[in-house]
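Participant: This is the structure I want to talk about, given as structure tokens.
The values are calculated or read from the model by the stated rules, or taken from the named source; none is laboratory data. Small disclaimer: the values here were computed from a predicted structure and weren't measured. Reconstructed Cβ throughout: ideal geometry from the backbone, glycine too, with neighbour counts over all protein chains shown.
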Amino acid sequence: MQKITIMNKTIFIFFCLMVFGLTTGIMAQDQKKTTQPASQKIQLFPDTLHNKGSKSIQQHPAGTPAHGDKPAQKELTPQQKEAQVSLNEGLTKAKNGDYEGAITDFTKSLKSFENAMTYMNRGYCYMLTAKYSKAIVDENKSIELVPANPKAFYIRGASKYYINDLDGAIKDLFASISYDRKNPFAFNYIAAVKMMKQDYKGALDNYDNVIKLDSAFEDVFTNRGMVHHYLQDYNGAIIDYNIALKRDPVNSSAFNNRGAAKMMLKDYEGALQDFNKAIELRPKYADAFTNRGRVKQFIGDMEGACKDWNTAFDLGITEAKDLIIKNCK
């Protein structure tokens, strides 16, 4: 099963899953790696530095006082004021995509005064710059200071996912949703872990939760369609891919995966059209060439099949060589 990759998104912890893999001899997309878009904006978690982790915050993970009244804040000490300035500067840089600069400012703030939210924000920026081990260390510290912190558990869980600590990731993600069940991104990651563990029913349940919380969540229908495919519910997969394509008519992955589902239903003409479209949108889409070659094989166009498999092989699909040796002169 191919490794699942995560794409960045511009809200809360900005990740959106793209799941593709090998399905009953039909190849789905190997998602390309993505980089941080220059225009990406992020939402961090500012906090005033009046303590290291008050009881009220520990009991109420969103930072809401027990009775909804605004707590009286003590006047900041000179160290706390200095830390607050650095924290605010870091938040501004992070929101503008300067994560390295933000890390520097958060570090300066923490030298003046330890604060759970500052550790959490620095850990978040470490995660966004692929420094996952450092992100985990910071979220450990944030959780130590404020144990009931769903966002810190979420960031730590996501970071563990990236280093392939799937058991640790899902433990943290479940901890996060135990405090906040309104975070679709946490359910999205849980679904990703379930997919990696081949628990497709569990993945389906969690994608359903994502859709209940945010039906506009990016790529969720493409991902859920893939789960339906693994569960051999090809009609269900096609329904989800149809929704995905209605939202994004140039989604080459959805065309490829819908073609794969149609092929399993022996709708070879429909599958051929989808693979043609996927290749039209992405001329070097190796998996789509492999899939289209299989369709052509089924309809008796061996010359066309062999041509597509040779193209797939040239584009890096080593498995296509076996198809060429077995079926082509």
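Participant: Do any helices (runs of 4 or more DSSP H) entirely within the range 286-329 hold 3 or more residues that are of a type in the set (Lys, Arg), and if so, which?
Facilitator: Correct list: 286-298.
Participant: Please go through the range 178-195 and give me each residue that is of a type outside the set (Phe, Trp, Tyr) and more than 11 Å from Val227 (Cα to Cα), ordered by number.
Facilitator: If the condition is that a residue be of a type outside the set (Phe, Trp, Tyr) and more than 11 Å from Val227 (Cα to Cα), then Ser178, Asp180, Arg181, Lys182, Asn183, Pro184, Ala186, Asn188, Ile190, Val193 are the ones that fit.
Participant: Now a separate question. So is Arg282 closer than 18 Å to Met263 by Cα and either touching a residue at least 24 places away in the same chain (Cβ under 8 Å) or assigned by TED's automatic domain parsing to the domain that holds Ala254 (or both) or not?
Facilitator: The answer is no for Arg282.
Participant: Could you list, in sequence order, all residues of the range 165-177 that are surrounded by fewer than 18 Cβ atoms within 10 Å (Cβ to Cβ) and either in contact (Cβ under 8 Å) with a residue 24 or more places away in the chain or closer than 24 Å to His228 by Cα (or both)?
Facilitator: Matches in the range 165-177: Leu166, Asp167, Phe174.
Participant: Going by the conditions given, is Asn149 over 13 Å from the mean Cα position of the chain (by Cα), modelled with pLDDT under 95 and closer than 27 Å to Thr104 by Cβ?
Facilitator: Judged against the criteria, Asn149 is a match.
Participant: Then there is this: Can you tell me how many residues in the range 94-116 are more than 23 Å from the chain's Cα centre (by Cα) and not aromatic (Phe, Trp, Tyr)?
Facilitator: Residues flagged as more than 23 Å from the chain's Cα centre (by Cα) and not aromatic (Phe, Trp, Tyr) within the range 94-116 amount to 12.
Participant: Take Ile325 and tell me if it is free of Cβ contacts under 8 Å to residues at least 60 places away in the same chain and among the β-branched types (Val, Ile, Thr).
Facilitator: For Ile325, the condition - free of Cβ contacts under 8 Å to residues at least 60 places away in the same chain and among the β-branched types (Val, Ile, Thr) - is met.
Participant: So which of Lys134, Lys108, Lys160, Lys141 is closer than 17 Å to Tyr189 by Cα and in a helix (DSSP H, G or I)?
Facilitator: Checking each option against the conditions leaves just Lys160.
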